[in-house]
1. Going out from 0 in 10 Å bins, what whole percent of all Cα-Cα distances in segment 822-884 drops into each bin?
2. Which three lengths, in whole Å and largest first, does the chain cover when its Cα atoms are put on their principal axes?
3. Taking the dipole about the Cα centre of the chain, with the C-beta of Lys and Arg at +1 and of Asp and Glu at -1, give me whichever of 672, 239, 340 is farthest to the positive side.
4. What's the percent breakdown of Cα-Cα distances in segment 380-476 across 10 Å bins, shortest bin first?
5. Can you give the helix-only mean residue ellipticity at 222 nm for the chain, where every DSSP H stretch with n ≥ 4 adds -39500 (n - 2.57) and the sum goes over all residues, rounded to the nearest 500 deg cm²/dmol?
6. Heavy atoms of the protein only, probe of 1.4 Å, neighbouring chains included. What is the accessible area of residue 564 in Å², nearest 10?
7. Using the alpha-carbon atoms, what tilt in degrees (0 to 90, nearest 10) does helix 853-866 show relative to the longest principal axis of the chain?
8. Amide H neighbours of residue 1051 under 5 Å, counting only residues 5+ apart in sequence or on other chains, H built in-plane at 1.01 Å?
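The values are calculated or read from the model by the stated rules, or taken from the named source; none is laboratory data. These numbers were taken from a predicted model, which means no experiment stands behind them. FYI the Cβ positions are ideal-geometry reconstructions off the backbone, even for glycines, and counts take in every protein chain you see. SASA here: full protein model, heavy atoms, side chains in, ligands and nucleic acids out. Shrake-Rupley method; radii C 1.70, N 1.55, O 1.52, S 1.80 Å.
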Amino acid sequence: MSIEALHSQHSPKRRKLSHSSSNDAEATQFSKAAGTSSNKTGSQHATLPTGGINKSSILALQVADLNAEVTPNYDRLRAKWTIISNRLQTIIKQMPSRAPVAAVDALKAFRKQGIKIPFTKPSPSKETNYKFEFQAPKEILVGGALPWGLSVKGDNAVQLTAIMPEALLQEKDYLNNRAPHKAAFYLACLAAAIKEDASSEIDLVFAHSNDVDSSPTLEGVPKDKALSKFRFQICVGFPGEAIPIAKTLPTKNCLRQNANGDTASSDRPTPFYNSSIRHAASMASFDKIIQSAKSPSYDEACRIGQLWLKRRGFSSPVSSGGFGFYEWALMCALFLRTGGHRGHALFSKQYTSLQFFKAMLQILAGRDLRDPMILYGANIDIPRSESPVLYDASTGVNVLYKMNPWSYQSLRHHAQVSLAAINARNQDNFDPTFMLNLALPVMQYDEVFHVTIPARTFATPVEQRQYLLKMHSTFVQGLGDRVSLIDFKLPPRTSWPLNSGPTLSNNDFELEVSLLTNPDTATRLVDHGPSADEQEEAADFRKFWGEKAELRRFKDGSISEALVWTSGTSVTLQIITHLLMLHVKLPPSSVSSKTPNLEATMLPSESTLSAKDAFRLIDSTFQTLTSTLHNLDGLPLPIRSIVPTDPALRSASVYNPLLPSMAKPIDFLVQFDSSTRWPDSLPAIQHTKIAFLLKLGELLTAQDPSLQTRVGLENTTSATTGYLNTSFLDMIYPAAGPGLSPVCFRARIHHEREEHLLQAALADKSLHGSVRDELAAALAVYKREFVAKSIHTSAIRSLCNRFAPLSGTIRLLKRWMASHLLLGGGHVPEEIPEIVASSVFVNPVPWSVPGNSTTGFLRCLSLLARWDWNASPLVVDLGLAQDWSSEMVGEVKTRFEAWRKLDPVMSNVVWFVGTSVDGTGVVWTQRARPARVVAGRVSALAKAAVELLESQGTGMSEEDWAGLFNSPLGDFDFVIHIRPGLVKGRPHEGKKAKGGSLVNGGTAEFKNLQIAEALDVESLGYDPVDLFLQDLNYAFGASALFFYDRHGGTAIAGLWRPSVLGRREWRVRLGWSSVPVPAETDNEKEEGKDICVFNKEGVLAEIATLGEGIVKNITTKE
């Protein structure tokens, strides 16, 4: 096995068209193996291309299969919903006319019928000089996704639009909500008639159609259980000619009254209102446009687009982004008619569904619709705004009028990410693009805040829109380059009974503000404003920032306006709180953060030196040591290379590596030039290494007396064979400051000849099986320790330099695994969480690159929860260039398939993790690292964590977040409790939680003992509990699995291996301690067998004896 220099990107599990795999259940009570469900085959909808299958063809097949799964049986559903639809149309068409009445009289009349007319604010009053009347509609449109045959399973909405007769409308009804008021009266008439004739069949409520206050609607749900899944919306539309397009252009003002009904300024355009009433007048036109566009490819593209939007939390209501199935279908249909060069169609009717989908993503991602796109209107001039504009001049409607600046930017961001994902060369991103639910703020965004706006801050929906637009523009200006996206999540509008009115909630308005941050600038403490010479800009700066702005002189001599923020608190939270208080008069208590800084709370430090600074100090010291070693005179051979291999040298240690309680030797490799003087015997090579290290230590001490050196031995049991490295050299630098540990580097010598000698020994076919196994294990260790680790360390170091939050993400993921007793100790190697964390940065699909370590950590949990390691490998390109070829990726996947055929029960390789620096995929995970039971445990814990995040969302409490790192010990067969004074690998002082306990389980010690520990050089790297665990695995590893948190755990948990449980016939060399039991079954009695069972009590007693002085007590599972 050789470590190959390969290059590619992470490829998540492909959603198979036909999937059938056996997933044997693990015979253990510890965890349940994750099963794989079969997906229905859509072969009847897809044919294989004659030219072979490429990535685009596979994606087309997957899309066709998905479409087949989500398409309902329209004929069967039509037979049901048309019963109610026909009934409602009959009632409406047979309604008698009502004579014209004044607004006050209309309100009184309907009040007697138990109905309150859903007038838009400001409501008509006794001064209103126009009348309200009713005539039965001549046309009723039946539309929506289900009647059009474009819906997906579970979407059973039917929309009936009654078109008002033109005689009921007057010339200037487009002004001041007159048309919406008449529509509300018309809707109340429909409600009264349906209530009278069908109240026993349908439950009725009022609502705002898609949260548009000028478009009230009547919603009905059948009482019949067989039909109750259908939802009927009854809307009122206007004749197209009744609302003049020229008077309702986006640049016109059609609302010239304020909330009190008084005359208001007519200068400000009202594009939202104008498009809403023109939309009501264009329902028939849009119905024809969509019906004429229908084709199998168009229909499929609409369903796939609807799924894509739902996965991202988008739908047509304003509170859900204002862009849903209807807008998608209408845009697609319009571009089949126009939008291209010289008014030609932008889309072709020959497109496949996948081409339709990609074309829509290209429009949403590539075209900035804040610069208005105008269809059919070459002579119309609409200025740029922060809201998107796709204006259909033939109907006078901005198709995107319900979208806000924040929802458009969010949609565009998702479109850009998805377009890049499906166009990626080496990855199959079908599952992340179409199957994964992304509407989870704590995982989708880097920071989430709740802003509580007091009740009655705004009287009307119009005032609410203006208030939020002002807040958003203020945040955009104030947060600047700290963020790449600011999204608002509005509380959804609710329906109301027929006898009450549509009012804004009397409760406080809860706004969710979500940010995608730029990690390079988000934590900046000083902002530079305009220079003192730029007086106008400086005045605007001071006006925007208020008293926070101050004039400062900087080190370069410049004088400019500046902002200084406090360290230790989220800078974005400080900015948002200040801006809200200054510009919208909201107190600081109205803002709360919903995303914790897990790196600060879960990785505490007892020193003022942060972990990042500790990594920098260690790296600087290592560079000094490297220079010293290269310049040494008197060595037998020149040094060829010095390479780091330790997590502390790739910024991946769980805790601060310079804290006395966590200090341990930092590993690196030294390689000397080749020479014929090296011996050809493995034992002799090991002795030569010892001589080299002794000479190296002698020369270092002579050159720098403050540097302490010591040669140590390891793997002494293999000293006679020389299969494993047996020596190392510790070089100890004095502590860099008070309260810090000395820096100890541990050097091992890398000699390439060892690999050749091990391979040559393995080539001898006459070797005994046990000897062959020893040689194979030694060769695997050599490749891992002396080849793979150095390349891996170099790759992770480069990625941590490129992605600032990656180091914190790795450390959090390791802490999570360690807290569940699964990291190290022969279970999950330290390098695996580093690769998993790197994958969410180099291939973040379906999200963007994480902006902080908490977001990165949560996405790692999502990846582990989704990874079906039984059926697919984890493939990650760790190169900065991200240029791993598809051929190399294919080779890695071929090796995975070969391993599964060679080892179907996964006794040797469970996790297959291929990277651009390890094309074999097994250098870290061979020899069951982790075992299948441990891999299942990781998956189960990750799924449980993701389910908690999905159910709680932004409502997670501090206890919930801390609970992610608490492992239930009740799942284990026995628990060995360790004396607290012997536990190492954690800070002495942790953050106090409620009840006085420490979050990290630490206990405060006397200060003088901490100082003594910091000065104790001899105990560096000495951990009695870890040595005890090694003895346990050596003595009882055949009987039990042992689990321990090396980063501060106070207990060793154990599971009995299934192979030792149950009743067995006694024989010599069973391999485990046993006790005789009487025969029970007839077969046992007849054959006179000597039956025995595993001696649990005896083994636990031996463990207690072995751990005397270390073990506090042992508890067993009840």
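1. 19, 52, 27, 2
2. 109, 92, 62
3. 239
4. 11, 30, 32, 21, 5, 0
5. Values: 31 runs with 406 residues, N = 1118.
So the calculated ellipticity at 222 nm is -11500 deg cm²/dmol.
6. Accessible area, nearest 10 Å²: 40 Å².
7. 90 degrees
8. Residues meeting the criterion, in which the H sits 1.01 Å from N, are 978, 1045.
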